[in-house]
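Reviewing the structure listed below.
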Amino acid sequence: MTMPSVKRVLLKLSGEVLMGGQQFGIDPTIVSELAREVKAAKDSGLEICLVIGGGNIFRGMAGAAQGMDRAQADYMGMLATVMNALAMQNALEQLGVHTRVQSAVQMDQVCEPVIRRRAERHLEKGRIVIFAAGVGSPYFTTDSGAALRAAEMKCDALLKGTSVDGVYDDDPKKNSNATRFETVSYDRVLADNLKVMDASAVALCRDNDIPIVVFSIREKGNLARVLSGEGVQTIVQKEA
């Protein structure tokens, strides 16, 4: 299954990817490598929005599971995504890529607030826009934030870069016989709880007909290959 034709995409990266081989935090070398991947995609003519999770620093649901107030933990997770966004902005700008960070939690001294028309203008001028702090409210994941921004910015696809090369019928890390889908419907993902993204994010993409492309970002050069139709990925879309 090849990629649909796209001009504007939202790339969602898990925060864990930024750790590299560490147990916690941000590995500048890995961030630089990811920035080069993103730059190569932009140089191909794409308009790119970015959303990065915060799991390498703090995950709200994990904090709540250990007894923290869920809303408080989620706000801490949002701040972690801002830190990751600023790290990626720095790496991109060192490569000469003009970048803006927009945060759903207002913090004017370090980044812009999320303003859709301003973000549109940045994309028109060839800048990459990194959306941070999820949707700005607790009880929503950064997957939901990515789906919301993809819909808001009228993106042609949502690309989810993870540590696995697509969507499987079981956890491939636990089951060596798990089968990867070339393409799968939104409804199958939701009905079978296939763990692509959280249910609200998948439903939002389904309702706005935004394909979700799941691929491995850990493999060097894979983003460019996926965008050119040569990479290994799973496309979540409406049934034919």
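The values are calculated or read from the model by the stated rules, or taken from the named source; none is laboratory data. As the structure is a prediction and not an experimental result, all values here were calculated from the model. Neighbour counts are summed over all protein chains in view; Cβ atoms, including those assigned to glycine, are modelled from backbone coordinates with ideal geometry.
So which residues in segment 172-187 are free of Cβ contacts under 8 Å to residues at least 24 places away in the same chain and either closer than 15 Å to residue 214 by Cα or in contact with a Leu (Cβ under 9 Å, 6 or more places away or on another chain) (or both), if there are any at all? Residues satisfying the conditions are 172, 179.
Regarding residue 101, is this residue assigned to a loop (DSSP other than H, G, I, E, B), touching a helix residue (DSSP H, G or I) at 6+ places or on another chain (Cβ under 7 Å) and among the hydrophobic types (A, V, I, L, M, F, W, C)? No; evaluated as a whole, the condition is false for this residue. Screening 39, 12, 7 for residues that are touching a residue at least 24 places away in the same chain (Cβ under 8 Å), surrounded by fewer than 16 Cβ atoms within 10 Å (Cβ to Cβ) and touching a Leu at 6+ places or on another chain (Cβ under 8 Å) leaves exactly one candidate, 7. Give segment 183-240 a look and list any residue that's part of a loop (DSSP other than H, G, I, E, B) and closer than 17 Å to residue 142 by Cβ, or say none. Residues satisfying the conditions are 195, 196, 197, 198, 210, 217. Exactly one residue out of 110, 129 is in a loop (DSSP other than H, G, I, E, B) and in contact with a helix residue (DSSP H, G or I) (Cβ under 8 Å, 6 or more places away or on another chain), and it is 110.
Filtering segment 20-46 to residues that are in a helix (DSSP H, G or I) and within 24 Å of residue 141 (Cα to Cα) leaves 30, 31, 34, 35, 38. Reported count of residues in segment 181-233, each being of a type in the set (D, E, K, R) and within 18 Å of residue 8 (Cβ to Cβ), is 1. In this structure, is residue 12 under 12 Å from the mean Cα position of the chain (by Cα) and either of a type in the set (D, E, K, R) or at pLDDT below 90 (or both)? Spelling it out, residue 12 is indeed under 12 Å from the mean Cα position of the chain (by Cα) and either of a type in the set (D, E, K, R) or at pLDDT below 90 (or both). Once segment 76-92 is narrowed to residues that are surrounded by fewer than 19 Cβ atoms within 10 Å (Cβ to Cβ) and touching a helix residue (DSSP H, G or I) at 6+ places or on another chain (Cβ under 9 Å), the residue that is modelled with the lowest pLDDT is 76. Going by the conditions given, is residue 17 free of Cβ contacts under 8 Å to residues at least 60 places away in the same chain, within 15 Å of the chain's Cα centre (by Cα) and either crowded, with 20+ Cβ neighbours inside 10 Å or in a loop (DSSP other than H, G, I, E, B) (or both)? The answer is no for residue 17. Does segment 156-179 include one or more residues that are assigned to a helix (DSSP H, G or I) and among the aliphatic types (A, V, I, L, M)? No, because not a single residue in segment 156-179 is assigned to a helix (DSSP H, G or I) and among the aliphatic types (A, V, I, L, M). If you filter segment 99-143 down to residues that are small (Gly, Ala, Ser) and surrounded by fewer than 22 Cβ atoms within 10 Å (Cβ to Cβ), you find that the one that is farthest from the chain's Cα centre (by Cα) is 126. Taking segment 144-155 as the search range and keeping residues that are small (Gly, Ala, Ser) and under 11 Å from the mean Cα position of the chain (by Cα), which one is farthest from residue 99 (Cα to Cα)? The qualifying residue farthest from residue 99 (Cα to Cα) is 144.
Yes or no, residue by residue, for (1) assigned to a helix (DSSP H, G or I); (2) touching a strand residue (DSSP E or B) at 6+ places or on another chain (Cβ under 7 Å):
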site: 48; (1), (2): no, yes
site: 54; (1), (2): no, no
site: 57; (1), (2): no, no
site: 62; (1), (2): yes, no
site: 75; (1), (2): yes, no
site: 78; (1), (2): yes, no
site: 83; (1), (2): yes, no
site: 87; (1), (2): yes, no
site: 92; (1), (2): yes, yes
